[in-house]
Every structure is written in structure tokens, then in C-alpha cells.
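> Here it is: the structure, laid out below.
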Amino acid sequence: MTIPRSEYEARILRVIEHLHQVKGAPDLDDLAEIACFSRFHFHRVFRAMTGQTVAQAVRMVRMWRGSKVLSGGGSIEAAAKAADYADVPSFSRAFRAAHGVSPGAFKSALTRPGKGLIREENTMTTYPVDIRDIPAERVIGIPHQGAYTEIAVSFEKLFTVLTSRGLFEKAKVMTALYYDDPSATSEDALRSLAAVAVPEDVTLPDGCAQDVAVGGKHAVLTFTGHYSGLHEAYEWLYGTWLPSSGFEPAHAAIQEVYLNSPRDVQPHELVTEIHIPLAA
């Protein structure tokens, strides 16, 4: 029986979604069953199609859960529990190995202005903003519906598709489009796209969607630090900078451009651009 590549991808994507939903250490036999592969073949297929072992994928999900608790102001004990570690020491060792800093240092760093931030005399945080003329660009990705903070699972699925199809070398930049205002839309109805910018000649993979990041004049805020700090940056951009800028936002999706990745740098070194299209 011939199995198309799209079926292989669908099976591995089911596993990734399961890893983000299940609590506790997943059983390799259960994962192999979800993927409809024998245990003998499953791990090899998973590694080849995702670029990481099952153990690495599980560790990444657990660290993401712990980081989310810490970035929300939770205790290290609560983060360890969310990440399914039996105690704080074991969680702290795993966290340091993954991020290069202890959970305590990570949490403290979130309360301090990061690189690229400026403290004015009135202690208000400001961020560097440039006005740029940006060309329209085609993007392909995995649609996500729900809380914007949960878009990581869609990026993991996208990485699997890109890896299995050898498309990473054609991806220009990792990005996301956010279509709804979270202050005016219920969380479960929020729409976004975990994506990469690609040339026009790249064929749209099965299961992916495509869109165009609009061109024209943009306000571009550069933020350095963990993604949890982006909320404050958005609040300042819309509440302080935009009203005094003389510009009006266009009716178009907000774009975030990720200049590096949590897979490659420590959380405080992440650099994200927020692109706000401006009305002509």
C-alpha cells in the first residue's frame, strides 16, 4: 500500500498536538499508536520529520509550560508542577539546561527592562519604533484559533511540515499574522497564522494556508526579551506611541517577525518586531 507524504505529516502532527495536551510523561507506545506506526519505526520517522527526538520535543513542551507560569508571575513551585516535574530542583536543572538560566533568574529578568528598552525620567518604559516602507510578502503557515499565547503548537506543526518537505532553506523569516483584537474578541475566537515568508514559486503544502503580509508604510517596534513581555510593548505602542505619532493604523492584520528562535538563543536574547500597517 502506498502512503502519501501528506499522510505521514498528518500522523506526526497528531502526535505533536497530543504532546501539548497530555500531562505527565507520554508513553512511546502510545505515541506510536497515535501515529499509526510501529514503535520500531515511529521514533525514526518522528526525528526525520521534525528535526528533533521525541524526548527533545517533550522537554520543549514541558519547558514551555513552566516558562508560561513564570512569565505570568507564578511561583517556581507552580512552574515545576505545570511542567510535570516531581520537585523544584529537578525542574531547575532541566530549565537551566534548556534556557541557560535558572527559573529564578528568568523570572527576575521579566521584571527588568531588556535590551533595547529605555527608562525615561518618569519611569515609563518606551521602545524603539521605526517607520518603514515594507514590500508585500507571501506567507504560508498553520492556522491557529484560540489564545495567541498558545500559538507555539501551531509553529511546532509548521516546523514539522517544513522539515519533512525540505522547505526550511526557502523560508525567509519566521512570522505570525494576528487577525483579531484580543480586547474585543473572545479568546476562543481569536484567529492567527503561524507562518514563514516564502518566495512565490514555493508550492503550498497540504494542510497549510497562505496569506499576504501587506506592504506599504509600517510602524515597526523592536522588542528584545521573552515573548511574555510583548503584551506590555503592545500596550505602550497603542496607548502611548500611536496617539501621539500622527499616524492612523490601516485595517490589516498585525504581523510579528521573529528575528531569532527559542531553539537557538536564550529567552532574554529573543528579538521580535511588531509590524503595524499604517493608513496611507
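> Which residues in segment 50-64 have a backbone N closer than 20 Å to a point placed 7 Å from the Cα of Glu33 along the Cα-to-Cβ line?
54-55, 58
> Over segment 128-280, what relative contact order in percent results from Cα pairs under 8 Å that are six or more residues apart?
Once normalised by length, the contact order is 31 percent.
> Here's another thing I want to ask about it. For the chain, what is the calculated [θ] at 222 nm in deg cm²/dmol (nearest 500), taking -39500 (n - 2.57) for each run of four or more DSSP H residues and dividing by its residue count?
-11000 deg cm²/dmol
> Quick one: Cα centre-to-centre distance for segment 249-280 and segment 52-72, in angstrom?
Result: 22 Å between the Cα centres.
> Positive end of the dipole of the chain, charges at C-beta (+1 Lys, Arg; -1 Asp, Glu), about the Cα centre: which of Pro143, Pro128, Thr163 has its Cα farthest in that direction?
Most positive-ward Cα: Thr163.
> Here's something else I'd like to know. Taking only Cα atoms, what is the 0 to 90° angle, nearest 10, from helix 54-71's long axis to the longest principal axis of the chain?
30 degrees
> Got a sec? Charge dipole of the chain, +1 on Cβ for Lys and Arg, -1 for Asp and Glu; which of Ala213, Ala25, Thr203 is way out at the positive end?
Checked the options; the winner is Ala25.
> Another one. What FRET efficiency, computed as 1/(1 + (r/R0)^6) with R0 = 41 Å and r the Cβ-Cβ distance, is obtained for Thr203 and Gln266, rounded to the nearest 0.05?
Efficiency, rounded to the nearest 0.05: 0.70.
> How much net charge surrounds Met49 when only other residues with a Cβ under 13 Å from its Cβ are counted (Lys, Arg +1; Asp, Glu -1)?
Net charge in that neighbourhood comes out at +4.
> Farthest toward the dipole's positive end in the chain, which of Ala86, Thr224, His251, given Cβ charges of +1 (Lys, Arg) and -1 (Asp, Glu) about the Cα centre?
Going by the charge dipole, the pick is Ala86.
> For helix 88-99, what angle does its Cα long axis make with the longest principal axis of the chain, in degrees from 0 to 90 and rounded to 10?
Tilt of helix 88-99: around 70 degrees.
> Now a separate question. Helix 152-164 sits at what angle to the longest principal axis of the chain, using alpha carbons and giving 0 to 90 degrees rounded to 10?
So the helix axis and the longest Cα principal axis differ by about 60 degrees.
> Give the lysines reachable from Lys23 as a straight Cα distance under 21 Å; neighbours fewer than 8 places away on the same chain don't count.
Cα-Cα hits under 21 Å: Lys68, Lys81, Lys157.
> Please report, in debye to the nearest 20, how large the charge dipole of the chain is about its Cα centre when each Lys and Arg carries +1 at its beta carbon and each Asp and Glu carries -1 there.
Roughly 940 debye for the chain.
> Pick out, in residue order, every one of the trypsin sites (Lys or Arg not before Pro) in segment 1-57 that is DSSP loop and has at most 14 other C-beta atoms within 10 Å; say none if there are none.
Passing sites in segment 1-57 are Lys23.
> Could you give the distance between the Cα centres of segment 22-39 and segment 121-175, to the whole Å?
29 Å
> Probe radius 1.4 Å, ligands and nucleic acids ignored: give me the carbon and sulfur share of the accessible area of segment 1-43 as a rounded percent.
53 percent
> Here's another thing I want to ask about it. Work through the residues other than Ala189 whose Cβ is under 15 Å from its Cβ and net out their charges, Lys, Arg +1 and Asp, Glu -1.
-4
> While we're looking at this one, here's another question. Just to confirm a number: summing +1 for Lys and Arg and -1 for Asp and Glu over residues other than Asp84 whose beta-carbon lies under 15 angstrom from that of Asp84, what do you get?
Result for the local shell: +4.
The values are calculated or read from the model by the stated rules, or taken from the named source; none is laboratory data. Predicted, not measured: the structure shown is a model, and the values here were computed from it. Using ideal geometry, Cβ is built from the backbone for each residue, glycine included, and neighbour counts are taken over all protein chains shown. The protein model used for the area step is the full one, side chains on, heavy atoms only, and it has no ligands, DNA or RNA in it. Shrake-Rupley method; radii C 1.70, N 1.55, O 1.52, S 1.80 Å.
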